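The structure under discussion appears below in the form of C-alpha coordinates.
The values are calculated or read from the model by the stated rules, or taken from the named source; none is laboratory data. Small disclaimer: the values here were computed from a predicted structure and weren't measured. Cβ placement follows ideal geometry from the backbone for every residue including glycine, while neighbour counts extend to all protein chains displayed. What goes into the accessible areas is simple: the full protein's heavy atoms, side chains included, and nothing from ligands, DNA or RNA. Shrake-Rupley method; radii C 1.70, N 1.55, O 1.52, S 1.80 Å.
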Amino acid sequence: MTFASKVLDLAHQVAESQAEPVRAAAALLVASIRAGGVVNAFGSGHSEAIAMEIAGRAGGLVPSNRLTPKDLVLYGGQPASVLTPELERDPAVAHQIYELAPVAPQDVFVLISSSGVNGTVVELATIVKERGHPLIALTSVKHSMRMTSRHPSGGKLLDLADVVLDNGAPYGDAILDLPGGGSYGAVSTITSALLAQMVVTEAVQELVAMGETPPIYLSVNVTGGDEHNKALESRYAGRIRRGS
(Lines give C-alpha, C1' and ligand atoms only; values in the text may rest on other atoms or scores of the structure.)
Protein backbone atom coordinates (compact mmCIF):
# COMPACT_ATOMS: atom_id res chain seq x y z
CA MET A 1 0.00 0.00 0.00
CA THR A 2 1.34 3.44 -0.93
CA PHE A 3 1.85 6.26 1.54
CA ALA A 4 -0.96 8.27 -0.06
CA SER A 5 -3.48 5.43 0.18
CA LYS A 6 -2.60 4.72 3.82
CA VAL A 7 -2.88 8.40 4.70
CA LEU A 8 -6.24 8.69 2.95
CA ASP A 9 -7.53 5.64 4.82
CA LEU A 10 -6.33 7.09 8.11
CA ALA A 11 -7.85 10.49 7.29
CA HIS A 12 -11.24 8.86 6.72
CA GLN A 13 -10.94 6.98 10.02
CA VAL A 14 -10.00 10.14 11.89
CA ALA A 15 -12.79 12.18 10.31
CA GLU A 16 -15.39 9.58 11.29
CA SER A 17 -14.10 8.71 14.76
CA GLN A 18 -13.53 12.33 15.79
CA ALA A 19 -16.82 13.78 14.55
CA GLU A 20 -18.25 14.19 18.06
CA PRO A 21 -15.06 15.67 19.62
CA VAL A 22 -14.89 18.06 16.67
CA ARG A 23 -18.41 19.27 17.39
CA ALA A 24 -17.59 19.67 21.06
CA ALA A 25 -14.41 21.61 20.26
CA ALA A 26 -16.26 23.82 17.78
CA ALA A 27 -18.86 24.64 20.42
CA LEU A 28 -16.09 25.90 22.72
CA LEU A 29 -14.75 28.12 19.92
CA VAL A 30 -18.20 29.50 19.19
CA ALA A 31 -18.87 30.32 22.85
CA SER A 32 -15.53 32.10 23.13
CA ILE A 33 -15.92 34.11 19.93
CA ARG A 34 -19.48 35.15 20.80
CA ALA A 35 -18.18 36.40 24.15
CA GLY A 36 -15.51 38.49 22.43
CA GLY A 37 -12.78 35.92 23.00
CA VAL A 38 -9.86 34.78 20.92
CA VAL A 39 -8.68 31.30 19.93
CA ASN A 40 -5.11 30.79 21.16
CA ALA A 41 -3.35 27.95 19.38
CA PHE A 42 -0.02 26.62 20.64
CA GLY A 43 2.38 24.21 19.04
CA SER A 44 6.12 23.69 19.04
CA GLY A 45 8.28 21.83 16.56
CA HIS A 46 6.17 20.38 13.76
CA SER A 47 3.03 21.11 15.78
CA GLU A 48 3.61 24.80 15.15
CA ALA A 49 2.37 24.14 11.61
CA ILE A 50 -1.00 23.10 13.02
CA ALA A 51 -1.25 26.26 15.09
CA MET A 52 -0.73 28.10 11.80
CA GLU A 53 -3.76 26.24 10.41
CA ILE A 54 -5.87 27.77 13.16
CA ALA A 55 -4.44 31.26 13.57
CA GLY A 56 -4.06 33.94 10.93
CA ARG A 57 -4.68 32.14 7.66
CA ALA A 58 -7.03 32.65 4.73
CA GLY A 59 -10.43 31.07 5.29
CA GLY A 60 -9.85 30.99 9.03
CA LEU A 61 -10.91 32.97 12.06
CA VAL A 62 -9.62 36.50 12.59
CA PRO A 63 -9.86 36.34 16.42
CA SER A 64 -6.95 33.95 16.77
CA ASN A 65 -3.38 33.95 18.03
CA ARG A 66 -0.52 31.56 17.39
CA LEU A 67 1.59 30.88 20.46
CA THR A 68 5.06 29.37 20.19
CA PRO A 69 8.35 29.19 22.09
CA LYS A 70 9.59 31.77 19.58
CA ASP A 71 7.44 34.29 21.47
CA LEU A 72 10.26 34.51 24.01
CA VAL A 73 12.34 36.17 21.29
CA LEU A 74 9.63 37.97 19.30
CA TYR A 75 7.82 39.49 22.27
CA GLY A 76 9.97 38.76 25.29
CA GLY A 77 13.25 40.28 24.13
CA GLN A 78 15.29 37.14 24.73
CA PRO A 79 18.17 36.23 22.40
CA ALA A 80 17.57 33.78 19.57
CA SER A 81 20.09 31.45 21.21
CA VAL A 82 17.40 30.35 23.71
CA LEU A 83 15.54 28.56 20.90
CA THR A 84 17.07 25.13 21.30
CA PRO A 85 15.35 21.80 20.53
CA GLU A 86 15.23 21.11 24.27
CA LEU A 87 13.28 24.29 25.04
CA GLU A 88 9.88 22.60 24.63
CA ARG A 89 10.72 20.30 27.55
CA ASP A 90 11.08 23.17 30.03
CA PRO A 91 7.89 23.82 32.07
CA ALA A 92 9.05 27.35 32.96
CA VAL A 93 8.74 28.36 29.30
CA ALA A 94 4.95 27.92 29.50
CA HIS A 95 4.59 30.68 32.07
CA GLN A 96 6.54 33.09 29.87
CA ILE A 97 4.48 32.23 26.79
CA TYR A 98 1.19 32.72 28.64
CA GLU A 99 2.24 36.01 30.25
CA LEU A 100 3.50 37.40 26.94
CA ALA A 101 0.23 36.64 25.16
CA PRO A 102 -2.68 39.16 25.13
CA VAL A 103 -4.97 36.71 26.91
CA ALA A 104 -8.46 37.54 28.20
CA PRO A 105 -10.67 35.42 30.50
CA GLN A 106 -13.08 34.51 27.69
CA ASP A 107 -10.35 33.07 25.47
CA VAL A 108 -10.20 29.40 24.43
CA PHE A 109 -6.98 27.44 23.93
CA VAL A 110 -6.04 24.75 21.43
CA LEU A 111 -2.80 23.01 22.39
CA ILE A 112 -1.22 20.77 19.78
CA SER A 113 1.29 18.06 20.60
CA SER A 114 1.31 14.58 19.13
CA SER A 115 3.17 13.12 22.11
CA GLY A 116 1.50 15.41 24.64
CA VAL A 117 4.17 14.81 27.28
CA ASN A 118 6.74 17.60 27.02
CA GLY A 119 7.14 19.99 29.93
CA THR A 120 6.11 23.16 28.12
CA VAL A 121 2.82 21.93 26.67
CA VAL A 122 1.75 20.12 29.85
CA GLU A 123 2.59 23.13 32.00
CA LEU A 124 0.78 25.45 29.60
CA ALA A 125 -2.26 23.19 29.76
CA THR A 126 -2.08 23.36 33.54
CA ILE A 127 -1.93 27.16 33.50
CA VAL A 128 -4.80 27.38 31.03
CA LYS A 129 -7.05 25.28 33.24
CA GLU A 130 -5.98 27.09 36.43
CA ARG A 131 -6.97 30.37 34.78
CA GLY A 132 -10.38 28.99 33.84
CA HIS A 133 -10.00 28.77 30.05
CA PRO A 134 -11.61 26.00 27.96
CA LEU A 135 -8.87 23.68 26.67
CA ILE A 136 -8.83 21.60 23.50
CA ALA A 137 -5.99 19.12 23.03
CA LEU A 138 -4.96 17.89 19.59
CA THR A 139 -2.74 14.86 20.13
CA SER A 140 -2.06 11.23 19.26
CA VAL A 141 -3.70 9.09 21.90
CA LYS A 142 -1.75 5.99 20.83
CA HIS A 143 1.58 7.78 21.04
CA SER A 144 0.82 9.63 24.25
CA MET A 145 -0.40 6.53 26.09
CA ARG A 146 2.91 4.77 25.42
CA MET A 147 5.00 7.70 26.66
CA THR A 148 6.13 8.67 30.14
CA SER A 149 5.38 12.30 30.93
CA ARG A 150 8.32 14.70 30.97
CA HIS A 151 6.42 17.03 33.29
CA PRO A 152 7.15 16.94 37.04
CA SER A 153 3.49 16.20 37.77
CA GLY A 154 3.53 13.06 35.65
CA GLY A 155 0.53 14.39 33.76
CA LYS A 156 -0.05 14.56 30.03
CA LEU A 157 -1.85 17.00 27.77
CA LEU A 158 -4.79 14.66 27.22
CA ASP A 159 -5.31 14.37 31.00
CA LEU A 160 -6.04 18.08 31.29
CA ALA A 161 -8.16 18.89 28.25
CA ASP A 162 -11.90 19.52 28.13
CA VAL A 163 -11.94 18.02 24.63
CA VAL A 164 -9.36 15.64 23.15
CA LEU A 165 -8.95 15.43 19.38
CA ASP A 166 -7.07 12.27 18.40
CA ASN A 167 -5.07 12.60 15.18
CA GLY A 168 -4.81 8.81 14.89
CA ALA A 169 -1.05 8.79 14.37
CA PRO A 170 0.72 5.63 15.53
CA TYR A 171 3.46 5.53 18.14
CA GLY A 172 6.48 7.07 16.43
CA ASP A 173 4.27 8.84 13.84
CA ALA A 174 5.49 6.99 10.73
CA ILE A 175 3.25 4.45 8.96
CA LEU A 176 5.41 2.63 6.42
CA ASP A 177 7.60 -0.25 7.60
CA LEU A 178 11.26 -0.54 6.76
CA PRO A 179 12.77 -3.97 6.05
CA GLY A 180 14.56 -5.13 9.15
CA GLY A 181 12.69 -2.75 11.45
CA GLY A 182 11.86 0.91 11.74
CA SER A 183 9.33 3.01 9.87
CA TYR A 184 9.02 6.09 7.70
CA GLY A 185 6.35 8.43 6.36
CA ALA A 186 5.00 10.68 9.15
CA VAL A 187 1.25 11.33 9.28
CA SER A 188 0.47 13.44 12.35
CA THR A 189 0.83 16.78 10.56
CA ILE A 190 -1.64 15.70 7.87
CA THR A 191 -4.34 14.35 10.16
CA SER A 192 -3.87 17.14 12.72
CA ALA A 193 -4.32 19.76 9.99
CA LEU A 194 -7.49 17.96 8.92
CA LEU A 195 -8.86 18.07 12.46
CA ALA A 196 -7.90 21.71 12.91
CA GLN A 197 -9.80 22.70 9.78
CA MET A 198 -12.75 20.50 10.72
CA VAL A 199 -13.07 22.31 14.04
CA VAL A 200 -12.77 25.78 12.51
CA THR A 201 -15.23 25.07 9.70
CA GLU A 202 -17.71 23.50 12.14
CA ALA A 203 -17.47 26.62 14.32
CA VAL A 204 -18.05 28.87 11.32
CA GLN A 205 -21.10 26.84 10.27
CA GLU A 206 -22.52 27.09 13.79
CA LEU A 207 -22.08 30.87 13.79
CA VAL A 208 -23.81 31.14 10.43
CA ALA A 209 -26.67 28.97 11.70
CA MET A 210 -27.06 31.43 14.58
CA GLY A 211 -27.50 34.25 12.09
CA GLU A 212 -24.09 35.77 12.75
CA THR A 213 -21.44 36.86 10.27
CA PRO A 214 -18.25 34.96 11.13
CA PRO A 215 -15.04 37.04 11.24
CA ILE A 216 -13.16 35.23 8.48
CA TYR A 217 -9.92 36.12 6.75
CA LEU A 218 -9.77 36.51 3.00
CA SER A 219 -6.60 35.67 1.15
CA VAL A 220 -4.37 38.74 0.82
CA ASN A 221 -3.83 37.60 -2.76
CA VAL A 222 -7.40 38.33 -3.85
CA THR A 223 -8.81 41.73 -4.69
CA GLY A 224 -9.93 43.53 -1.54
CA GLY A 225 -8.36 40.98 0.76
CA ASP A 226 -6.09 43.42 2.59
CA GLU A 227 -8.89 45.93 3.19
CA HIS A 228 -11.31 43.25 4.36
CA ASN A 229 -8.79 41.74 6.78
CA LYS A 230 -7.62 45.04 8.26
CA ALA A 231 -11.20 46.08 8.94
CA LEU A 232 -11.86 42.87 10.85
CA GLU A 233 -8.54 42.97 12.68
CA SER A 234 -9.35 46.47 13.92
CA ARG A 235 -12.23 44.99 15.93
CA TYR A 236 -9.68 42.99 17.91
CA ALA A 237 -7.04 45.67 18.38
CA GLY A 238 -4.72 44.72 21.22
CA ARG A 239 -6.16 41.20 21.34
CA ILE A 240 -4.52 39.58 18.34
CA ARG A 241 -0.99 39.79 17.01
CA ARG A 242 0.63 38.83 13.74
CA GLY A 243 4.32 39.01 14.57
CA SER A 244 5.37 36.01 12.49
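What to note about this one:
- Measuring between their Cα centroids, region 154-231 and region 21-50 lie 9 Å from each other.
- A Stokes-Einstein calculation at 10 °C with viscosity 1.306 mPa s, built on the Kirkwood radius of region 63-123 over Cα pairs, returns a diffusion coefficient of 129 µm²/s.
- Portion, in percent, of the accessible area of the chain that falls on carbon or sulfur, probe 1.4 Å: 55 percent
- Placing dummy labels 7 Å off each Cα toward the beta-carbon, the span from Glu99 to Ser153 is 1.9 nm.
- In the chain, Cα pairs under 8 Å separated by at least six residues give a relative contact order of 24 percent.
- Alpha-carbon centroid distance for the pair region 72-107 / region 127-150, whole angstrom: 18 Å
- For the chain, the number of Lys pairs with C-alpha atoms closer than 26 Å, counting only pairs eight or more positions apart or on separate chains, is 7.
- Radius ratio Rg over Rh of the chain, counting only Cα atoms, Kirkwood formula for Rh: 0.97
- Remark: spin-label model distance Arg242-Leu83 equals 2.0 nm, labels positioned 7 Å along the Cα→Cβ axis.
- The Stokes-Einstein estimate for region 49-184, based on a Kirkwood radius over Cα pairs and taken at 37 °C with 0.692 mPa s viscosity, is a diffusion coefficient of 207 µm²/s.
- Within the listed set Gly60, Gly181, Gly43, the residue fluctuating most in the Gaussian network model of the chain (springs between alpha-carbon atoms under 10 angstrom) is Gly181.
- Tail beyond 17 Å, pair distance distribution of region 120-244 (Cα, percent): 73 percent
- The His12 and Leu176 beta-carbon pair, evaluated with R₀ = 22 Å, returns a calculated FRET efficiency of approximately 0.75.
- Built amide H within the under 5 Å cut-off of Gln78, gap 5+: Val73
- Residues within the reach of a label modelled at Ile216 (point 7 angstrom out along Cα to beta-carbon, backbone nitrogen below 20 Å), restricted to region 64-85, are 64-65.
- Whole-Å semi-axes of region 25-114's equivalent ellipsoid (Cα gyration tensor): 24, 14, 11
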